[in-house]
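Inspection log for the structure reproduced underneath, given as structure tokens.
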């Protein structure tokens, strides 16, 4: 076996191994909200994610791949000996995959993007020095890691706040849901197709004119609105038990707002006044708990169970949305380094641009799906159950916020962290219910795993890089 053939096999195996681990960790983040809320079983989540992840990877994945493969380290460093870049990319893939597999085993939802970017920067600094790194591009990518959880959290927070006000705190929640769900459905379809069609179908090199894109998106959204309205109106949603009095539900809403305002007052005061406010706050919490129990606000009447059941269908749509968005963005982490390395093996030179082949996008999509089906349940439990309690209404808001952020970043060519988006959106939904609704211990563990990811993958990549250079 020739060296080139051996390196080709090693490269493809490393790329597939990386894609498998993306499915086991990152895709589990994406689908964990749906499984955690009960909207989807694990088996259905795997099937839906399999179809949509592959579609997102194949049709939109090539756009983000350009940033990962050539946007982080100056390619001139490898001009004299492109094989060095080949060794580095293989090392980066294996190092990232090993770290992801370790994290998935323990159920840690780490960032694949952090890991692959850290690994590429690791061997890039070793080969070309600090000056070889394209720091403006790295800063652009790094800023997206901060912006993405904040933006997805804001969107999810705002959407769930709206859901609370117009549905969960309404006099007749089921009737309010019948009016709101078609609007949310249309909004979901409009956002999805505006993102998808504006960017074009990357895997097939098809571009659609902007005017036609906007027209088609609104047409599809209108059809989705009509279809959803006909569906909810045709279904009989019976309430078997009497709902709590509407005035008690309104009281809970008002008391929750009072608690938040008093909490802010307490944080901004000092001394005796702070203690007085704290005493009032404790008394108000006692009253709030009593009213909550009387209203059945958290134990939920049958009417609220019906609302959550109605939102299950909507959350399945949002799960499909986020699976497609994730496939479009995160397949780059697996196939970006592979595409750059294949170009070197094929020509022996490092080219400034290269076309990502469709079969490579397909390979990445298949690897992601298999990873989700085999090890995905480990991380799903953390995202779906350990951060905050999720229901279909909360899960829909979290998924919509995360998916919108992911697709927007994919259009801009930013390899953002899906993990950050999902966690940020789940936190946003949790904060809308109050800080006490969050499991801060789990949140701290997740943040620590993010901090550890970059140096861990960089160090492992450097070690593997030196081993490859010594062997070949």
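The values are calculated or read from the model by the stated rules, or taken from the named source; none is laboratory data. Bear in mind that the values here come from a model prediction, so they are computed numbers and not experimental data. FYI the Cβ positions are ideal-geometry reconstructions off the backbone, even for glycines, and counts take in every protein chain you see.
A few comments on the model shown:
- Taken together, 122, 107 contain a single residue that is assigned to a helix (DSSP H, G or I) and crowded, with 17+ Cβ neighbours inside 10 Å, which is 122.
- Residue in segment 75-94 that is modelled with pLDDT of 80 or more, part of a loop (DSSP other than H, G, I, E, B) and in contact with a helix residue (DSSP H, G or I) (Cβ under 9 Å, 6 or more places away or on another chain) present: no
Let's see how each residue does on (1) modelled with pLDDT of 80 or more; (2) over 20 Å from residue 386 (Cα atoms); (3) not assigned by TED's automatic domain parsing to the domain that holds residue 360:
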site	(1), (2), (3)
11	yes, yes, no
20	yes, yes, no
26	no, no, no
31	no, no, no
55	yes, yes, no
61	no, yes, no
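- Any chance residue 394 is free of Cβ contacts under 8 Å to residues at least 12 places away in the same chain and in the same structural domain as residue 124 (by TED's automatic domain parsing): no
Per-residue answers, yes or no, for (1) at pLDDT 75 or above; (2) closer than 21 Å to residue 333 by Cβ:
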| position | (1), (2) |
| --- | --- |
| 384 | no, no |
| 396 | yes, no |
| 403 | yes, yes |
| 411 | no, yes |
| 429 | yes, no |
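- Picking from residues in segment 165-192 that are closer than 25 Å to residue 438 by Cβ and buried (at least 18 other Cβ atoms within 10 Å of the Cβ), the one that is modelled with the lowest pLDDT is 169.
- Among the numbered conditions (1) touching a helix residue (DSSP H, G or I) at 6+ places or on another chain (Cβ under 9 Å); (2) modelled with pLDDT of 75 or more; (3) surrounded by fewer than 24 Cβ atoms within 10 Å (Cβ to Cβ), the only one that residue 359 does not meet is (1).
- Where residue 146 falls short, out of the listed (1) under 30 Å from residue 397 (Cβ atoms); (2) touching a helix residue (DSSP H, G or I) at 6+ places or on another chain (Cβ under 7 Å): (2)
- Among the residues of segment 29-44, those that are more than 18 Å from residue 393 (Cβ to Cβ) and in a helix (DSSP H, G or I) comprise 29, 30, 42, 43, 44.
Conditions (1) at pLDDT 75 or above; (2) in contact with a strand residue (DSSP E or B) (Cβ under 9 Å, 6 or more places away or on another chain); (3) more than 18 Å from residue 316 (Cα to Cα); (4) outside any loop (DSSP other than H, G, I, E, B), marked per residue:
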site: 327; (1), (2), (3), (4): yes, no, no, yes
site: 335; (1), (2), (3), (4): yes, no, yes, yes
site: 349; (1), (2), (3), (4): no, no, yes, no
site: 364; (1), (2), (3), (4): yes, no, yes, yes
site: 422; (1), (2), (3), (4): yes, no, no, yes
site: 442; (1), (2), (3), (4): yes, no, yes, yes
